[in-house]
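Take a look at the structure set out below.
The values are calculated or read from the model by the stated rules, or taken from the named source; none is laboratory data. Model, not experiment: these values are computed from the prediction. Counting neighbours? That spans all protein chains shown, and the Cβs are built from the backbone with ideal geometry, glycine included.
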Amino acid sequence: MTWEHAAEIAFDSLAEGRPITVGLIEDLHAQLVAGTAADTSDAGRIRSIQVAIGTQGGGVDQARFIPMPPGTTLKAAFGDLVEWIRRSENDVTDRDSLVAAAMTHYQFETIHPFNDGNGRLSRLLIVLQLLQDHVLTEPLLSVSPWFEARRSQYQDALAEVSMAGDWNAWVTFFAHGLEASAIDTARRLESLLVVQQHYHDVLRDGKARGIVRDIVAGGR
């Protein structure tokens with residue numbers, strides 16, 4: 001339940017009017033990796049070791065991507081990214097929120113600030129940023145399934161930004177992912193509402209009263 005707990009902490013923080021900060025993201029990382037192999041002394045802290053992405057046998061020479069080394073530059077880059085995230089579409093930058101989320105995601109994955117759990121954390125950060133920018137009003141969007149199902153395309157699109165500066169392809173891919181995820185989320189919610197209505201009707205026909213009917217009705 002670590003992901004769910006981390007998400008709850010994140011969404012509650014924004015609902016209470018607190019900004020996205022380095023400290024918040026570090027706390028979320030600690031929650032995400034709790035009880036896993038990544039739950040080490042570096043959990044919830046910017047990584048202190050070099051990492052390599054996409055290795056087949058563990059060697060750096062086989063890595064698909066090698067992020068910047070640990071140290072002052074890494075911490076500064078991550079701090080700058082988090083500061084940039086906080087600039088919502090209502091700021092003087094007048095940025096497009098979806099494009100901004102795509103850029104944040106690319107930069108987060110490129111910096112790769114933590115030893116492990118960066119993928120899960122960066123996908124949670126997508127929803128947080130869209131909530132912050134008032135694109136979403138409720139934290140119901142789930143983006144992980146779509147991106148996980150297209151891992152190779154996802155990695156290729158990120159790599160093309162690094163190698164060729166192809167932002168258009170990456171933003172387009174990212175936007176398709178959010179659109180598909182939003183449609184899937186809406187369908188799931190509609191299905192749940194149908195089930196809720198079914199049980200509401202069953203209880204109504206059975207003349208159920210009190211707390212049982214209230215629970216099924218969801219406070220309607």
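Quick check on Ala157: is it more than 19 Å from Tyr106 (Cβ to Cβ), at pLDDT 90 or above and among the aliphatic types (A, V, I, L, M)? Spell out the reasoning first.
Working: more than 19 Å from Tyr106 (Cβ to Cβ): no; at pLDDT 90 or above: yes; among the aliphatic types (A, V, I, L, M): yes.
Considered against the rule, which asks whether it is more than 19 Å from Tyr106 (Cβ to Cβ), at pLDDT 90 or above and among the aliphatic types (A, V, I, L, M), Ala157 comes out as no.
Quick check: anything in the stretch 112-123 among the hydrophobic types (A, V, I, L, M, F, W, C), assigned to a helix (DSSP H, G or I) and crowded, with 20+ Cβ neighbours inside 10 Å?
For the stretch 112-123, residues among the hydrophobic types (A, V, I, L, M, F, W, C), assigned to a helix (DSSP H, G or I) and crowded, with 20+ Cβ neighbours inside 10 Å: present.
Name the single residue, out of those in the stretch 127-153 being in contact with a Gly (Cβ under 9 Å, 6 or more places away or on another chain) and crowded, with 20+ Cβ neighbours inside 10 Å, that is nearest to Arg86 (Cα to Cα). Can you show your working first?
Of the stretch 127-153, the ones in contact with a Gly (Cβ under 9 Å, 6 or more places away or on another chain) are 143-144, 146-148, 150.
This time we only want the ones that are crowded, with 20+ Cβ neighbours inside 10 Å, so: 143, 147.
Details: Val143: 21, Phe147: 24 Å.
Only one residue fits best here, namely Val143.
Criterion first (surrounded by 14 or more Cβ atoms within 10 Å (Cβ to Cβ), closer than 19 Å to Arg95 by Cα and not assigned by TED's automatic domain parsing to the domain that holds Ser13) does Trp167 satisfy it?
So Trp167 passes the test.
For the stretch 3-14, give me each residue that is surrounded by 13 or more Cβ atoms within 10 Å (Cβ to Cβ) and not aliphatic (A, V, I, L, M).
The answer is Trp3, His5, Glu8, Phe11, Ser13.
Scanning the stretch 15-39 for residues that are in contact with a helix residue (DSSP H, G or I) (Cβ under 7 Å, 6 or more places away or on another chain) and assigned to a helix (DSSP H, G or I), which turns out surrounded by the most Cβ atoms within 10 Å (Cβ to Cβ)?
Out of the qualifying residues, it is His29.
Do we have any residue at all in the stretch 69-90 that's surrounded by 14 or more Cβ atoms within 10 Å (Cβ to Cβ), at pLDDT 95 or above and hydroxyl-bearing (Ser, Thr, Tyr)?
No, the stretch 69-90 contains no residue that is surrounded by 14 or more Cβ atoms within 10 Å (Cβ to Cβ), at pLDDT 95 or above and hydroxyl-bearing (Ser, Thr, Tyr).
Checking Arg95 against (1) farther than 19 Å from His134 by Cβ; (2) modelled with pLDDT under 90; (3) surrounded by 11 or more Cβ atoms within 10 Å (Cβ to Cβ), which single condition isn't satisfied?
Going through (1) farther than 19 Å from His134 by Cβ; (2) modelled with pLDDT under 90; (3) surrounded by 11 or more Cβ atoms within 10 Å (Cβ to Cβ) one by one, Arg95 breaks only (1).
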